[in-house]
Amino acid sequence: MNHGTVAIAVVHRQVVLIQAARSHNRRDRWLDVYTYNLFGDGVFLASDVPQARIASSDLLTIFPFRTTTTDMIELSPRAFQEYLELSSKYQKSYENLWQGRKARLR
């Protein structure tokens, strides 16, 4: 991942948009990234805690473009659709996990 590469990752059990804060190679286990939260219709704003270090295994997809901005990122409709699909998939998996644990407590 090169500096400025945009991707989707799981950070604190939430699917978020990230941007590489520096270049990383394939062997790096940890990635220094900027995190972005959805603002609306493909527009993402820097999160409350904009810098994070995540495990490389938390990456879900890497987009084939880079950006130099660090305050706002706008995704293409196709990339935004992919974000929505991944976010929905992970939300459902966490809901199913919660329902399973809740059923065991009864």
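Once the stretch 74-106 is narrowed to residues that are in a helix (DSSP H, G or I) and of a type in the set (A, V, I, L, M, F, W, C), the residue that is farthest from the chain's Cα centre (by Cα) is 105. Of all the residues in the stretch 1-29, those that are assigned to a strand (DSSP E or B) and either in contact (Cβ under 8 Å) with a residue 60 or more places away in the chain or closer than 29 Å to residue 95 by Cβ (or both) number 13.
On the stretch given as the stretch 34-75, residues that are closer than 17 Å to residue 21 by Cβ, small (Gly, Ala, Ser) and surrounded by 14 or more Cβ atoms within 10 Å (Cβ to Cβ) total 4. Being at pLDDT 95 or above, β-branched (Val, Ile, Thr) and part of a strand (DSSP E or B) is true of residue 33.
Of note, residue 62 satisfies the criterion of being under 12 Å from the mean Cα position of the chain (by Cα), assigned to a strand (DSSP E or B) and in contact (Cβ under 8 Å) with a residue 60 or more places away in the chain.
Listed by first and then second residue, the pairs with beta-carbon distance under 7 Å, at least 6 apart or on different chains, first residue in the stretch 37-52 and within 16 Å of residue 4 (Cβ to Cβ), second of a type in the set (D, E, K, R), are 46/71. Could you list all residues from the stretch 86-106 that are among the hydrophobic types (A, V, I, L, M, F, W, C) and free of Cβ contacts under 8 Å to residues at least 40 places away in the same chain? Matches in the stretch 86-106: 97, 98, 103, 105.
The values are calculated or read from the model by the stated rules, or taken from the named source; none is laboratory data. Everything numeric here is computed off the predicted structure, so don't read it as measured data. Cβ: placed from backbone, ideal geometry, glycine included. Neighbour counts: every protein chain shown.
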